[in-house]
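Following: one structure in structure tokens, then a few remarks.
The values are calculated or read from the model by the stated rules, or taken from the named source; none is laboratory data. Just so it is clear, the model here is predicted, and its values are computed rather than measured. Please note: Cβ atoms are built from the backbone with ideal geometry, for glycine as well, and neighbour counts cover all protein chains shown. For the accessible areas, the whole protein counts, side chains as well, though only heavy atoms, and no ligand, DNA or RNA atoms are used. Shrake-Rupley method; radii C 1.70, N 1.55, O 1.52, S 1.80 Å.
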Amino acid sequence: MSRIEAARAILAANDRGGYTVPTNRLYPFQWNWDSAFVAMGWATFDFDRAWREIERLLEGQWEDGLVPQIVFHAPSEDYFPGPAVWGIARTPPTSGIPQPPVLATAARFVLERHGEDGIARARAIYPKLVANHLWWQRARDPDDTGLVATLHPWETGMDNSPAWDAALERVPTETQTEIRRRDTGHVDAAFRPRGVEYQRFIHLVDLFRGTGWDAVRMLQLSPFKVADVGTNAILLRAERDLLALAERFGTAEERDTIASRIARKETVIAGLWDEPLGHYLTRDLIGGGLIPVRTSAGFLPLFAGLHDHAAALAERIDAWRRRGIGLVPSTDPDAASFEPQRYWRGPVWAVVNWMIARGLREAGLDATADSVASETRRLIGDAGFSEYFNPIDSAGIGGGTFSWTAAIDLLLGEEAQR
Ligand code: GLC
């Protein structure tokens, strides 16, 4: 089987009827940002299926515009916390928090490839994307600071980043829900979050459920509140892509609103640059300061179109490469918190690399973009379509037939042909 066929076969095997599970067993439902990347992967060979992926994710959208982190289309005993813990009475059931908003970027990507034939599908999706971006504004930045707040590490998609450690210390470990982890039954516990982190994760879920998932009260009450540089950068990128869609489908008023959000975000996200560390950082919205840990999220302002520090960021990546470190580690390999195989504390994720490579390319740094892209392909080529990769020994870790890794391989494979 060719590499392209192998990647397509993974998407097909993880297809559960119009939506793609991240991998069999470990993640048996539809995840938000996974599906956005996966939709772009489907778009390399099946437009109808690409649109279906987005449409099925939007089946989980709430009336207030939230596109949840997980849509529980079909029951499964393989995952904790399932629908009963979230306690959200919807059909289909969902979780109650967001994930990085890659969806508008995915919709634009699929439309641009599909061309005129994709217009009807995109037109139907567009108002839902508008509603989702308004949700971010109202629920997570009601004071119009230009930065959206993250209330749970899971919302960042980078669940166990050391950037959350200090802020997470404020979260009590008591839970109302009995913790019955399933992940460690599927993969080695050494690669997964530690027990005490899990208690804090569930404490937050219990707290939010207790507000009846009221966005205002969640924002007021959460003991964990950060302006994640990754989420904010991805949202800024998504706003630009939404504006491109609005040029075709929106009103002048919508375009003005989106454009003014973009202008504001550009200024404020630029302020997440930390000169001493030479990196973009996350702001702790409770403690106040920038969190002094360099993570792969700090490269994502490039993807958002902020190019002021592009050369310095590229130089860091080039320096890692010269040292033989697999690109791009999720945590700076020189940081005390670096762990090359533990979840989000060091390993490489293909989806993050794809965004970084794209940002570098758009900033005109083609050589570094090529390094990141070809390294991603090398890791997948050597280790398979793993969930993530060890940047020191290049081993594949976590689930082994991962949808978003397959999707990114399809995208990078095509780009390499050009
Ligand atoms: C983990 C990852 C998250 C991803 C999910 C499904 O929770 O941290 O980013 O969306 O798995 O793949």
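Taking the accessible area of region 54-154, probe 1.4 Å, and keeping the other protein chains in place, the carbon and sulfur fraction comes to 52%. Roughly speaking, what % of Cα-Cα pairs in region 14-60 are separated by over 14 Å, rounded to a whole number? Everything past 14 Å amounts to 39 percent.
When a/c is below 1.5 the answer is rounded, else prolate if a/b is larger than b/c, else oblate, so apply that to region 188-230 with a ≥ b ≥ c taken from the square roots of the Cα gyration tensor eigenvalues. Verdict is oblate for region 188-230. A Gaussian network model of the chain, with springs between Cα atoms under 10 Å, assigns the largest mean-square fluctuation among Thr20, Thr257, Thr282 to Thr257. Based on alpha-carbon atoms, the Kirkwood radius and the radius of gyration of region 262-418 give Rg/Rh equal to 0.96.
Annotation: amide H-H contacts under 5 Å for Val226 (H modelled 1.01 Å from N, sequence separation of 5 or more, or interchain): Thr150, Leu285.
Spacing of the modelled spin labels on Ile286 and Ala336, each 7 Å from Cα toward Cβ, amounts to 2.1 nm. Taking amide H as placed 1.01 Å from N in the peptide plane, Ile97 has its amide H under 5 Å from the amide H of Gln69, Ile70, each at least 5 places away in sequence or on another chain. Which of Asn14, Tyr198, Trp135 sits closest to the plus end of the dipole of the chain, meaning its Cα is farthest towards the positive end, when Lys and Arg get +1 and Asp and Glu get -1 on the C-beta? Value: Asn14. Set the Cα radius of gyration of region 232-315 against 2.2 N^0.38 Å, with N its number of residues, and you get 1.22. A 1.4 Å probe run over the chain, with the rest of the protein chains in place, finds 36 Å² accessible per residue. Three semi-axes describe the equivalent ellipsoid of region 109-171; taken as square roots of 5 times the Cα gyration tensor eigenvalues and ordered largest first, they are 33, 16, 8 Å. Amide H contacts for Gly399 (H built 1.01 Å from N in the peptide plane; partners 5 or more residues away or on another chain; cut-off under 5 Å): Glu387. In a GNM of the chain with a 10 Å cut-off on Cα contacts, which of Arg345, Arg377, Arg321 has the highest mean-square fluctuation? Largest GNM mean-square fluctuation: Arg321. Mind running the shape call on region 1-116? Use the C-alpha gyration tensor, a ≥ b ≥ c as the square roots of the eigenvalues: rounded below 1.5 for a/c, prolate if a/b tops b/c, oblate otherwise. Note, shape of region 1-116 comes out oblate. Across all directions, the average flat footprint of the convex hull enclosing the Cα atoms of the chain is 18.2 nm². Note that region 339-346 has calculated 3J(HN,Hα) couplings of 9, x, 10, 8, 2, 6, 10, x Hz, one per residue in order, obtained from phi through the Karplus relation 6.51 cos²θ - 1.76 cosθ + 1.60 (θ = phi - 60°); glycine and proline are x. Cβ-Cβ distance of Ile392 and Glu415, R₀ of 35 Å, FRET efficiency by 1/(1 + (r/R0)^6): the value works out to about 0.85. Computed from point charges on the beta carbon alone (+1 for Lys and Arg, -1 for Asp and Glu), the dipole magnitude for region 179-277 about its Cα centre is near 500 Debye. Here the average projected area of the convex hull drawn through the C-alpha atoms of region 86-142 stands at 5.0 nm².
Where a ≥ b ≥ c are the square roots of the eigenvalues of the C-alpha gyration tensor, would you call region 230-281 rounded, which needs a/c under 1.5, or, failing that, prolate if a/b is larger than b/c, or oblate? Prolate.
When the alpha carbon gyration tensor of region 47-91 is reduced to an equivalent ellipsoid, the three semi-axes, largest first, read 21, 15, 7 Å. Summing Cβ point charges (Lys, Arg +1; Asp, Glu -1) relative to the Cα centre of the chain gives a dipole of roughly 320 debye.
Note the full-extension length gain between Arg322 and Asp274 as 0.36 nm times their separation in residues minus their Cα-Cα distance, in nm to one decimal.
Difference between extended and current length: 14.9 nm.
Computed over the chain with a Gaussian network model linking Cα atoms closer than 10 Å, the most mobile of Gln30, Gln341, Gln199 is Gln199.
Compared with the rule-of-thumb size 2.2 N^0.38 Å for a compact globular protein, region 178-320 has a Cα radius of gyration ratio of 1.30.
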